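Q: Before anything else, here's the structure in question.
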């Protein structure tokens with residue numbers, strides 16, 4: 001399934017356009033003046049709200065650090081500025097460049113999640129302000145009565161606050177009645193989270209990530225194939 005998210009060796013017109021996107025856009029994933037709006041899913045025809053959830057309570061370590069820095073600032077305007085919520089939303093085109101850049105840094109090169117725009121109902125992008133701090137994607141029709149979680153990621157500086165837990169919950173709820181499957185690295189601590197949600201190991205796949213990681217990579221190339229039976 002992951003092969004469908006790999007870029008082809010020859011750049012298409014759309015990929016050429018992405019090459020011209022500014023560094024700011026790759027970093028933030030959206031411009032400051034963009035106001036989230038409802039939009040219609042091309043997959044289900046449903047009108048999707050601008051936000052899945054707006055979390056004003058969670059305090060990841062990164063946010064605590066930002067608040068401490070703000071409290072020490074001599075500038076009154078900065079010190080008294082309103083704390084932003086952690087926003088959960090459906091994937092939209094402006095998110096793609098930043099997510100692809102994150103995938104290259106934390107997974108492997110060549111990942112392009114543009115396809116996920118075709119079924120945004122089965123996605124979750126997490127932002128603090130306009131900065132993407134996490135995302136999760138599911139392929140809803142990988143086979144009959146089965147959906148597949150392709151990517152689930154929270155930036156290391158924002159972990160420990162339940163962000164991945166909520167994203168996983170959202171994906172599972174979005175395809176009620178279907179089995180949910182995924183591959184996870186044999187050394188990934190996310191195994192604990194998947195077990196809590198009821199996923200069971202069905203197979204140990206040797207060298208599953210071999211064709212994605214560079215030959216000199218020290219990351220574990222073996223994976224567990226897991227299933228949540230409904």
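The values are calculated or read from the model by the stated rules, or taken from the named source; none is laboratory data. Remember, predicted model here, so these are calculated numbers, not experimental data. Cβ sites come from the backbone with ideal geometry, for glycine too, and all protein chains shown count toward neighbours.
Q: Would you mind telling me which numbered condition in (1) over 22 Å from residue 91 (Cβ atoms); (2) surrounded by 13 or more Cβ atoms within 10 Å (Cβ to Cβ) residue 145 fails?
A: Status for residue 145: all satisfied but (2).
Q: Taking region 161-197 as the region of interest, how many residues are surrounded by 15 or more Cβ atoms within 10 Å (Cβ to Cβ), part of a helix (DSSP H, G or I) and out of contact with any helix residue (DSSP H, G or I) (no Cβ under 7 Å at 6 or more places or on another chain)?
A: 7
Q: For residues that are without any contact (Cβ under 8 Å) to a residue 60 or more places away in the chain and touching a strand residue (DSSP E or B) at 6+ places or on another chain (Cβ under 7 Å), scanning just region 103-121, find the one that is nearest to residue 157 (Cα to Cα).
A: 106
Q: A further question follows. How many of the residues making up region 129-156 are at pLDDT below 95 and under 30 Å from residue 57 (Cβ atoms)?
A: Total meeting the criteria: 2.
Q: Restricting to region 44-80, give me the number of residues that are surrounded by 11 or more Cβ atoms within 10 Å (Cβ to Cβ) and within 17 Å of residue 127 (Cβ to Cβ).
A: 14
Q: OK, next. Hey, does region 207-228 have a residue that's part of a loop (DSSP other than H, G, I, E, B), surrounded by fewer than 16 Cβ atoms within 10 Å (Cβ to Cβ), free of Cβ contacts under 8 Å to residues at least 24 places away in the same chain and in contact with a helix residue (DSSP H, G or I) (Cβ under 9 Å, 6 or more places away or on another chain)?
A: Yes, that holds for at least one residue.
Q: Quick one: count up the residues across region 137-150 that are in contact with a helix residue (DSSP H, G or I) (Cβ under 7 Å, 6 or more places away or on another chain) and touching a residue at least 40 places away in the same chain (Cβ under 8 Å).
A: Residues meeting the conditions: 4.
Q: What do you reckon, is residue 132 within 15 Å of the chain's Cα centre (by Cα) and either surrounded by 20 or more Cβ atoms within 10 Å (Cβ to Cβ) or part of a strand (DSSP E or B) (or both)?
A: For residue 132, the condition - within 15 Å of the chain's Cα centre (by Cα) and either surrounded by 20 or more Cβ atoms within 10 Å (Cβ to Cβ) or part of a strand (DSSP E or B) (or both) - is met.
Q: Something else about it: Do you know which of the residues in region 71-91 that are closer than 16 Å to residue 36 by Cβ, part of a loop (DSSP other than H, G, I, E, B) and out of contact with any helix residue (DSSP H, G or I) (no Cβ under 7 Å at 6 or more places or on another chain) is modelled with the lowest pLDDT?
A: Pass one, region 71-91, residues closer than 16 Å to residue 36 by Cβ: 84-91.
From what's left, part of a loop (DSSP other than H, G, I, E, B): 84-85, 90-91.
Applying the additional criterion that residues be out of contact with any helix residue (DSSP H, G or I) (no Cβ under 7 Å at 6 or more places or on another chain) yields 84-85.
Details: 84: 89, 85: 94.
Of everything passing the filter in region 71-91, 84 is modelled with the lowest pLDDT.
Q: For region 93-110, which residues satisfy the criterion of being outside any helix (DSSP H, G or I) and farther than 13 Å from residue 151 by Cα?
A: Of all residues in region 93-110, those outside any helix (DSSP H, G or I) come to 107-110.
Residues satisfying the conditions are 109, 110.
Q: Scan region 167-203 residue by residue and report those that are free of Cβ contacts under 8 Å to residues at least 24 places away in the same chain and either within 16 Å of residue 124 (Cβ to Cβ) or in contact with a strand residue (DSSP E or B) (Cβ under 6 Å, 6 or more places away or on another chain) (or both).
A: 173, 203
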